[in-house]
1. Please specify each residue of segment 229-275 satisfying the condition of being acidic (D, E) and either part of a helix (DSSP H, G or I) or modelled with pLDDT of 65 or more (or both).
2. Among residues belonging to segment 156-195 that are in contact (Cβ under 8 Å) with a residue 60 or more places away in the chain and away from ligand 2 (no atom under 16 Å from the Cβ), point out the one that is nearest to A18 (Cα to Cα).
3. Going through segment 36-58 one residue at a time, which ones are at pLDDT 95 or above and farther than 29 Å from I107 by Cβ?
4. How many residues are part of a strand (DSSP E or B) and in contact with a Ser or Thr (Cβ under 9 Å, 6 or more places away or on another chain) when one looks only at segment 51-105?
5. State the number of residues belonging to segment 129-142 that are more than 13 Å from ligand 1 (Cβ to nearest atom) and surrounded by 19 or more Cβ atoms within 10 Å (Cβ to Cβ).
6. What's the number of the only condition in (1) modelled with pLDDT of 95 or more; (2) outside any helix (DSSP H, G or I) that T108 fails to meet?
7. Scan segment 155-183 residue by residue and report those that are open to solvent by less than 40 Å² (accessible area, probe 1.4 Å) and at pLDDT below 90.
Amino acid sequence: MNVRNSHRTTSDALLNVAVVGHTNTGKTSLIRTMLRSSEFGVIEDAAGTTRHVEQATIFADNDPILHLYDTPGLEDSRALFSKIKKLQDKSKLLLPVQILERFATGITVDDPLEQEAKVIRQILRSDILLYIIDVREPFLEKYRLELEIMTLSARPIIPVFNFIAGHDRELVTWRQQLAAFHMHATLEFDTVAFSFEAEKRLYQKMQTLLEPYYKRLQKLIDYREKFWNQLCLSGAKRVTELIINVACYREDESARSDLIAPTFVEDRLHDFVRKAEQNCLRDLLAIFNFSDREVALQKIPVSNGQWQLDIFAPGILKAYGLDMGSAAAKGAAAGAGIDLMVGGLSLGAASALGALAGAGWSTFKRYGDEIKATVKGTKWQCADESTLQILFLRQKFLLKKLMHRGHAAQDTLHMDKVDDEKLPENWSKLISVLRQNPNWQKPSVNRNNNQHFQKIEAKLVAALLNET
Ligand SMILES: Nc1nc2c(ncn2[C@@H]2O[C@H](COP(=O)(O)OP(=O)(O)OP(=O)(O)O)[C@@H](O)[C@H]2O)c(=O)[nH]1
Ligand SMILES: [Mg+2]
C-alpha cells in the first residue's frame, strides 16, 4: 500500500521570515537584494514607503524554502510601547506574546497605530525576525523600545546592519549596544554593496537559531552557492567570448574596392567593436538580472590596427596545426622562410617540394592562404591592442561591479573609469595567438574542442575572476 504523509513536519514546512525595523532603514531593499530582483516592492528615501505586508518566496531549484515578509516601517515606537505597557499592566497573568496578540487584535482600522499593528500581526505569524538597522543612526531610545517590543514575541531575532559602507565606527557602537541587549548573532549585510558571503552568513545564522530547519536551509545555502558560482562563471565566459570575438576579427584591406574610402573600413570596425561590446553588456545584465537602465556605457574609443602575419614568429607553425614535429613541417617552415626572404615564394613550388605532404591538404590550404597573403603584402584591419586592452579592462570592471551590486542599488553605474584592474599574464601573446586564428571568432565544435583555444579561454576567465 502506498502510504503518504498527510501532514507536513516542521522540517519540510516553509520558513516564515519577517523583515522588520524602523521606517526607511532598508527593509524592502534587503528583500530585493536577497531575491536578486529590482522588481519587488517600492523603495524610496522617505518614511512610510511600504504600507502593507508583502510576501516573496525564496527557492532552492523548484523547492520553496522560505517566505520573506516585507513589513511597513515602525514609526511611532514610543506610542506603540506605551500602549503595550498599558495592556501588560492591565493583564498581569498573560504571557508577553499574548499581550502582543491582544494588542494586534484590538486595534481598529482607523487607529493611529494600525500600521504598527500590521507589523506585530506579521511578527506573530513568523518563525524568525530580521531586524534591519541603519547604522548611521545612533542607538536612540526608539530603537531600544522597538527591540523590547520584538523580544516579547519570543521569536529569534537577527539584527541586520545596513548602510555599513564607510561607517565602521558606528557599527562598533551598535554592536556594543546590542550585546548589552543580549543580542550577539548580528549580521552585516549592506543591501547596496552586495557580497555573496554576507548572504550565506545570513542563512547560516538562521540555521543556528532554527535547528528544525537546519537541513532545509543547508539545501538552500548549497543551491545558492552553486548558482552564484555559475552566474559569475557565465559572466566571465561571456566577457571572454567578447574578447575572442573582437581579437579574431579582421577585415581584409585588399578586399575593399578603390571606390570605398579607407574610413569606411574603419567605421565598419568601430561599429563592429561597439556593437560587440553592447551585446556583451546586454547579456551580462541579463545574467545578473539587472535592467539596462542601471548601466551607462560610454562609447569605447576604438583605434584601428593593422596586422600582418609574421611567418617567422615563434609558435606560428604550431598555431596553424603544423606542430607534428615532423621533418615535413620543419622543411615547410624553412622553405617558406627562405623563399620569403629572397623576395617571393611560389606556392606551387613549395607544394611541389612536397614539404608539406605530411601535414595534410587542409592544413596546407589554411597555411598556404596566409603565406600567399603575406607575399602579396596583404594587411588586415583589426582592433589594435590598446582597444582590446580597454575592452578587457572595462568589461572586467563591469563584471566586478555587477557581482557586487545589490538589487536595491539606485544609482547608475558609469563605465568611464576602470579602477586598477589588471590584464592577464602574457596578454600580448594571447592576443597574438587569437589574431592568428580568425576561424575562432565564432563558437564552433572544432574551436571549442581545440586544446589551444581552451587554454586561452581558461586563462581569460581566470583573469576576469581574479583567480590568477
Ligand atoms: N547607500 C545605501 N542606501 C540604502 C541602503 N539600503 C537602503 N538604502 C536606501 O534607503 C532608502 C530606504 O530604503 P527602503 O528599502 O525603501 O527602506 P524601507 O525600510 O523599506 O522603508 P519603509 O518601507 O518606508 O519603511 C532608499 O532610498 C534606499 O535606496 C544601503 O545599504 N546603502
Ligand atoms: Mg519598505
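The values are calculated or read from the model by the stated rules, or taken from the named source; none is laboratory data. This structure is a prediction, so every number in the text was calculated from the model and none was measured. Every residue, glycine among them, receives a Cβ derived from its backbone with ideal geometry; neighbour counts consider all protein chains shown. Heavy atoms of the whole protein, side chains included, go into the accessibility calculation; ligands, DNA and RNA do not. Shrake-Rupley method; radii C 1.70, N 1.55, O 1.52, S 1.80 Å.
1. First, the residues of segment 229-275 that are acidic (D, E): 241, 251-253, 258, 266-267, 271.
Selection gives E241, E251, D252, E253, E266, D267, D271.
2. Taking segment 156-195 and keeping what is in contact (Cβ under 8 Å) with a residue 60 or more places away in the chain, we get 160, 162-163, 189-195.
Subset that is away from ligand 2 (no atom under 16 Å from the Cβ): 190, 193-195.
Working: D190: 18, A193: 22, F194: 20, S195: 21 Å.
Selected residue: D190.
3. Answer for segment 36-58, where residues must be at pLDDT 95 or above and farther than 29 Å from I107 by Cβ: just I58.
4. First pass over segment 51-105, keeping only residues part of a strand (DSSP E or B): 54-60, 63-70, 74.
Subset that is in contact with a Ser or Thr (Cβ under 9 Å, 6 or more places away or on another chain): 54, 56, 64-70, 74.
Qualifying residue count for the region: 10.
5. Of the residues in segment 129-142, the ones more than 13 Å from ligand 1 (Cβ to nearest atom) are 129, 138-142.
So of that shortlist, the ones also surrounded by 19 or more Cβ atoms within 10 Å (Cβ to Cβ) come out as 129.
The number of residues fulfilling the criteria is 1.
6. Going through the list (1) modelled with pLDDT of 95 or more; (2) outside any helix (DSSP H, G or I), T108 breaks only (1).
7. Step one: filter segment 155-183 for residues open to solvent by less than 40 Å² (accessible area, probe 1.4 Å), giving 156-162, 164, 171, 174, 178-179, 183.
Listed by number, the list holds a single entry, M183.
Quick grid of which residues meet (1) closer than 24 Å to E211 by Cα; (2) of a type in the set (K, R):
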{"position": "D127", "(1), (2)": "yes, no"}
{"position": "I133", "(1), (2)": "no, no"}
{"position": "L147", "(1), (2)": "yes, no"}
{"position": "V160", "(1), (2)": "yes, no"}
{"position": "V172", "(1), (2)": "no, no"}
{"position": "R175", "(1), (2)": "no, yes"}
{"position": "L178", "(1), (2)": "yes, no"}
